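Derivation of every value follows stated rules applied to the coordinates shown; laboratory data play no part. Please read all numbers here as calculations on a predicted model, not as lab measurements. Methodologically, a virtual Cβ is constructed for each residue, glycine included, from the backbone with ideal geometry; neighbour enumeration extends over all protein chains shown.
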Amino acid sequence: MAEAQKIWPLVQAIREKGPLVHNITNYVVMHTSANTLLAIGASPVMAHAVEEVEAMDVDYLGVSPIYFTPTKTDLKRELGLDGLREIKSFSRHPLAGIGGLNASNAVEVIRNGADGVAVVSAICAAEDPEAATRELAYIVQDAKKGES
């Protein structure tokens, strides 16, 4: 416990600088995972579940699936932009859009209420993952500034 207290000021400094976000989708894991040092997230499956996690003390909500995605083949439906806007209308948390997102649709997701995007295939399936990451980061930054 003493070691954890020693690193807490460093953890707080990292969080204040806007760390990379790790999406945690299980309440139990959220409270026991080492990943909570940087950012704690909750990921409601559909819009009605947002009300349940809204009371949690989390740093963001992972809103998914915005679109169907090849990384989760068991999805029954997608939220779409309408669902994202609905969640944005009452959520007090920053929103991370998840599900089927890539460079071609990230702008519309940001414009419709997401504060950021979480991707897997857009980077992992890219010929040049580093270039894909940089492109997506620039797209999101520009969209948040209203430049896209």
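Over all other residues within a Cβ to Cβ distance under 14 Å of L101, the charged ones net out to -2, with Lys and Arg as +1 and Asp and Glu as -1. Note that the stretch 45-145, at 20 °C in a medium of 1.002 mPa s, gets a Stokes-Einstein diffusion coefficient of 155 µm²/s from its Kirkwood radius over C-alpha pairs.
Under the criterion of Cα pairs below 8 Å and six or more residues apart, the relative contact order for the stretch 45-145 equals 25 percent. Length gained on full extension, E108 to T71, computed as 0.36 nm times the residue gap minus the Cα-Cα distance: 11.2 nm.
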